[in-house]
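Below you'll find the structure, written out as structure tokens, and then a few comments.
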Amino acid sequence: MRTAPPAAPPANPLTEGPLLAAILRLSWPMMLGNFLQTSSSIFDMIFVGRLGPDAIAGVSMSGAIIQLVMTLVIGIDMGMRAMVSRFYGARDLAMTRRVIGQALLMAAVLSVLLAANGEIWRDDLLKLIGASPEVVAQGSAYLQIFFLGVVATVSLFFTSGILQSIGDAHTPMRLGAIAFGANILLAPLFIFGWGPVPALGVPGAALATVLSRGVAGVLVLRLLFRNQEIGLRLADLRPDFPLIGRMLRIALPGSLQIGCYGVADILANYFIAAFGTTAVAAFGVAARSTMLMMVIGFGLSGAAATLVGQNLGAGKPERAARSAWIITGLYGVVLLGGAVAYYLGAAAIIGLFTTDTQTLALGTDCLHVFSPGFLFMSLNLILGRALQGAGDTLSPLVFALVARLPLLMTLLYTLPHLGGLGTDGLWYSFVIASAVEGLLKLFWFQRGKWKTRRV
């Protein structure tokens with residue numbers, strides 16, 4: 001008796017069919033999800049801004065420290081995404097599950113290590129980057145709550161990335177909306193207090209973030225085990241050290257790259273702090289306000305990484321390259337409009353975050369300098385993440401080391417003292433370093449060696 005042949009797997013819309021439709025299908029939920037997450041940070045800064053420049057500076061400097069200590073987690077996420085998208089694109093679901101399980105296992109271990117070390121070193125790190133005693137007090141209180149609940153941030157980060165890597169960007173977006181709504185309700189409640197809830201000030205902002213992300217992270221993790229196609233099992237969480245080693249080989253350069261950014265931010269804050277707390281606060285609100293443009297790029301760059309990885313897995317390197325170029329062009333058009341809007345509306349934008357006259361003036365100047373440099377974000381974010389999606393995490397690391405450490409630090413040291421530029425010299429330094437890094441990524445992506453990268 002003859003049996004019917006097994007059913008063919010369903011077509012993958014990311015590796016087959018119209019490319020623009022695939023890009024839009026994947027990118028807009030990522031953009032909206034990232035927009036909601038970043039909007040939470042923006043609203044937090046708006047609320048914190050009512051507490052004064054010391055509070056703003058404390059949260060801003062805490063952000064640089066958080067970026068530094070999260071480097072290994074973010075690097076493992078890069079390695080996980082590259083491998084998940086590659087194996088899923090090749091329709092090897094067994095290996096996809098194994099990679100996901102090992103990534104979650106490493107995330108759990110790292111969360112414990114980060115929580116312990118963050119609690120011990122938070123004050124020293126703030127002092128190291130030049131925070132005044134008043135700013136240390138504010139930033140330390142924020143970091144204490146964040147590190148106690150760091151597992152919430154890590155779990156949401158990883159589980160959302162897993163679903164996006166297999167092409168499901170809608171579920172993380174919906175759960176991100178839940179986290180956003182919860183944070184918007186909880187942040188003013190915990191910061192300013194109401195009824196029986198005491199006013200916690202800056203720690204209240206961190207508490208709202210931890211609780212909202214924790215709920216969303218648990219929901220996404222639950223969905224991974226119930227996903228009909230992936231069907232993650234507890235056996236997939238059993239340690240597989242050879243596979244962990246493969247993932248770490250991809251993850252380590254990515255972690256070092258993020259670490260490079262973190263170190264650069266800390267050193268940059270040291271140079272900025274030399275111009276006073278007002279300069280730190282101005283930089284903090286200006287940088288936070290530009291996250292609206294960056295969040296679009298994060299969504300598009302996540303789509304680029306997934307499309308590159310899945311199409312390489314499906315044996316379609318030219319389709320992978322076309323997807324990255326198209327996304328780079330689309331983002332460039334958005335950034336051009338954003339540069340004009342931010343330059344013309346700089347004072348109004350900074351005014352959303354602070355009413356302090358000096359902070360407002362310096363922040364406006366900062367945005368006037370930053371906005372023309374927006375166009376280089378397209379090269380940095382899209383082509384950089386496309387390379388990482390292919391598993392090439394070493395090249396972006398090299399470019400970051402060159403642009404963010406010797407170049408940026410030299411510029412920050414010299415430009416403020418040239419021609420009386422002052423703080424404007426600081427802002428120009430960031431634009432020049434970003435331009436150099438983006439052009440290096442453009443050169444390397446064009447060469448195409450990433451198309452033969454193995455994971």
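Put simply, of 381, 362, 336, 367 the only residue that is within 21 Å of residue 255 (Cα to Cα) and either assigned to a helix (DSSP H, G or I) or touching an Asp or Glu at 6+ places or on another chain (Cβ under 7 Å) (or both) is 381. Taken together, the residues in region 187-211 that are in contact with a Phe, Trp or Tyr (Cβ under 9 Å, 6 or more places away or on another chain), touching a residue at least 12 places away in the same chain (Cβ under 8 Å) and closer than 16 Å to residue 50 by Cα amount to 10.
When you go through 172, 203, 188, 242 one by one, which is the residue that is out of contact with any helix residue (DSSP H, G or I) (no Cβ under 8 Å at 6 or more places or on another chain), outside any loop (DSSP other than H, G, I, E, B) and not hydrophobic (A, V, I, L, M, F, W, C)? Steps first, answer last, please.
On the way: 172 fails: out of contact with any helix residue (DSSP H, G or I) (no Cβ under 8 Å at 6 or more places or on another chain); 203 fails: out of contact with any helix residue (DSSP H, G or I) (no Cβ under 8 Å at 6 or more places or on another chain); 188 fails: out of contact with any helix residue (DSSP H, G or I) (no Cβ under 8 Å at 6 or more places or on another chain).
Only one candidate passes the filter, namely 242.
Residues that are touching a Leu at 6+ places or on another chain (Cβ under 7 Å) and modelled with pLDDT under 90 were ranked within region 203-219; the one that is nearest to residue 46 (Cα to Cα) is 213.
Checked against (1) over 25 Å from residue 40 (Cβ atoms); (2) in contact with a Ser or Thr (Cβ under 9 Å, 6 or more places away or on another chain), residue 369 meets all criteria but (2).
Just name the residue that is modelled with the lowest pLDDT out of those in region 275-296 that are assigned to a loop (DSSP other than H, G, I, E, B) and either over 21 Å from the mean Cα position of the chain (by Cα) or farther than 15 Å from residue 341 by Cβ (or both). I'd like the intermediate steps shown before the answer.
In the first step, residues of region 275-296 are kept if they are assigned to a loop (DSSP other than H, G, I, E, B); the result is 275-276, 290.
Checking which are either over 21 Å from the mean Cα position of the chain (by Cα) or farther than 15 Å from residue 341 by Cβ (or both) leaves us with 275-276.
On the way: 275: 92, 276: 89.
The qualifying residue modelled with the lowest pLDDT is 276.
Just to check your reading of the model, which residue among 91, 86 is out of contact with any Ser or Thr (no Cβ under 6 Å at 6 or more places or on another chain) and assigned to a loop (DSSP other than H, G, I, E, B)? Spell out the reasoning first.
Details: 86 fails: assigned to a loop (DSSP other than H, G, I, E, B).
Of 91, 86, the one residue that is out of contact with any Ser or Thr (no Cβ under 6 Å at 6 or more places or on another chain) and assigned to a loop (DSSP other than H, G, I, E, B) is 91.
In region 387-396, the qualifying residues are those that are in a helix (DSSP H, G or I) and in contact with a Leu (Cβ under 8 Å, 6 or more places away or on another chain), and the one that is surrounded by the fewest Cβ atoms within 10 Å (Cβ to Cβ) is 395.
Among the residues making up region 70-113, those that are touching a residue at least 60 places away in the same chain (Cβ under 8 Å) and of a type in the set (Val, Ile, Thr) are 71, 73, 74, 76, 84, 96, 99, 100.
Where residues in region 397-444 are free of Cβ contacts under 8 Å to residues at least 40 places away in the same chain and not in a helix (DSSP H, G or I), which of them is nearest to the chain's Cα centre (by Cα)? Going through the qualifying residues, I end up with 421.
Determine, yes or no, whether residue 169 is more than 18 Å from the chain's Cα centre (by Cα) and crowded, with 19+ Cβ neighbours inside 10 Å. Please lay out each step first, then the result.
Details: more than 18 Å from the chain's Cα centre (by Cα): no; crowded, with 19+ Cβ neighbours inside 10 Å: yes.
Considered against the rule, which asks whether it is more than 18 Å from the chain's Cα centre (by Cα) and crowded, with 19+ Cβ neighbours inside 10 Å, residue 169 comes out as no.
The values are calculated or read from the model by the stated rules, or taken from the named source; none is laboratory data. Remember, it's a predicted structure, so these values are computed and weren't measured experimentally. Positions of Cβ are backbone-derived with ideal geometry, glycine not excepted, and every protein chain shown enters the neighbour counts.
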